[in-house]
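To keep things clear, I will list the structure first and then write my remarks on it.
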Amino acid sequence: MNQAFCKITKKKINRVINFGKMPIANGFLKKKDFKNEFFFNLSVSFSEKLSLLQLDDHPSPKKMFHTHYPFYTSSSNHMKMHFKQYSDWAKKKFLKKNKSKIVEIGSNDGTFLMNFNQNQFDVLGFEPSKNVSDLAKINGINSLNRFFNRKNLSECEGFIGKTDVIFGANVVCHIPNLAEFIKTADLLLNDNGKIIFEEPYLGSMYNKTSYDQIYDEHIFIFSITSIKKIFDLFDFELIDAIQQKTHGGSMRYVLQRKRSRVVNKKIRSMLENEKRKHLDSIEGALRFKKNCELSKEKLLEKIYKIKKQKKQICGYGATSKSTTILNYCDIGPNLIDCIFDTTPDKIGKFSPGKHIPIIDHKYFKRKFYDYSFLFAWNHRKEIEKKEKKYLKNGGKWITHL
């Protein structure tokens, strides 16, 4: 196998799967920009030392998070409800109302932080994409348009050594330099401070063969075992892990500076379960590779069968995840006519790499498609409730899962 290097330990690791040439997952573009589109090789390796699945290469963060990042947390009612529940849980377990200091990294448009009354909490968000950071400011959130690292703490004096909780959601997997992230968090936290974040879970991805979780922004796909091993290197302990339904299966992690060398019973049991399922070893990763290849084969058989029947297929939800599916499986506008979406920054543009037109969602009801490829499969319940008429009229949803 080709050799790659673990981004944390710099030790050689074995490549597991190569998904081929891939564009920026959220790089929806206009026709005039086709010739200059950026591509990189999307391949994945596994570090047995850290039990960590990671990208071998990725674009620079500034290519992915910029002035026109086309994702707004508030666009999903399901996610708004999730973040309300997340904040309620955190208030009950870890925060006091006497001006507790909280920081969120990758705070997007402020959807999560808006759940904290600013008369009771001192909040700060770090968001590197200017357009969503600006929207957070309009929403009354103290949002810094910058990456989370020690160089960017000049305006955060009131939080250094005083922060109660540092939060994140689907963002730590985006950070290439995890050592810098943990050292920055350590600088901000008070003596009893916690790091709490949730990320797509390796176990869920393996179970579903949801390889579309792998794209440029998702540099790492974590397991409980990998989180424990990584944070052990920096003298932090994992004190809780809680399964979440978001993003097709996520895990919420709670960490603090080490006080005890003893792993608690719940975490020990979860680690043993991951070992039984081979989440800690390359054996599980190689099985995942085989399942990805089989999934690709079955999906293409299904799509070509539909097209032979002279049926029409559209896409629903121009997600980042769709970029991996379309480019890995070589599915273009000859197979899928268009993708319907609600995001203004995507409408009128084309999908990354395969250049399928993105159409305003309001037109979904105006032309009947026999099949709709549900790229936003992790919001299936919310979408099926919204599109009941499509099913009643004989339409069918398909996914790669």
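A few points about this structure:
- A simple count of charges around Met270, restricted to other residues whose Cβ falls under 12 Å of its Cβ and scoring Lys, Arg +1 and Asp, Glu -1, yields +3.
- Estimated from helical segments only, the mean residue ellipticity of the chain at 222 nm is -9000 deg cm²/dmol, where each DSSP H run of four or more residues counts as -39500 (n - 2.57).
- Counting only DSSP beta bridges whose two residues both lie in the chain, roughly 50 percent are antiparallel.
- Whole-Å distance, taken between Cα centres, linking the range 121-177 and the range 234-301: 27 Å
- Using the average count of surrounding beta-carbon atoms within 10 Å as a protection proxy, the listed peptides 163-171, 83-91 rank, highest first, as 163-171, 83-91.
- The aspartates and glutamates whose alpha-carbon is closer than 14 Å to the alpha-carbon of Lys275, local same-chain residues fewer than 8 away aside, are Glu48, Glu283.
- Protection-proxy order for peptides 308-315, 141-148, each taking the mean of Cβ atoms within 10 Å per residue, highest first: 141-148, 308-315
- Applying a threshold of 18 Å to the alpha-carbon distances of Lys162/Lys194; Lys365/Lys396; Lys93/Lys194; Lys101/Lys151; Lys80/Lys101 flags Lys101/Lys151; Lys80/Lys101 as lying beyond it.
- Given charges at beta-carbon only (K, R positive; D, E negative), |dipole| of the chain in Debye: 1060 debye
- Applying the Karplus relation 6.51 cos²θ - 1.76 cosθ + 1.60 with θ = phi - 60° to the range 33-41 yields 3J(HN,Hα) values of 9, 4, 5, 9, 5, 7, 10, 9, 8 Hz, where x marks Gly and Pro.
- Put simply, when 265-278, 236-249 are sorted by average Cβ atoms within 10 angstrom per residue, most first, you get 236-249, 265-278.
- Of [x] 60, 42, 36; [y] 65, 49, 41; [z] 71, 48, 43, the label for Cα extents along the principal axes in Å derived from the coordinates: [y]
- Set of aspartates and glutamates with alpha-carbon distance to Lys99 below 18 Å, sequence-local pairs under 8 removed: Asp88, Asp122, Glu157, Asp164, Asp191
- Lysines whose Cα lies under 20 Å from that of Lys7, excluding same-chain neighbours fewer than 8 positions away: Lys49, Lys62, Lys63, Lys183, Lys228, Lys229
Coordinate-derived values only; no laboratory data. Owing to the predicted nature of the structure, the values given are computational and were not obtained by experimental measurement. Virtual Cβ from ideal backbone geometry, glycine too; neighbours counted across all protein chains shown.
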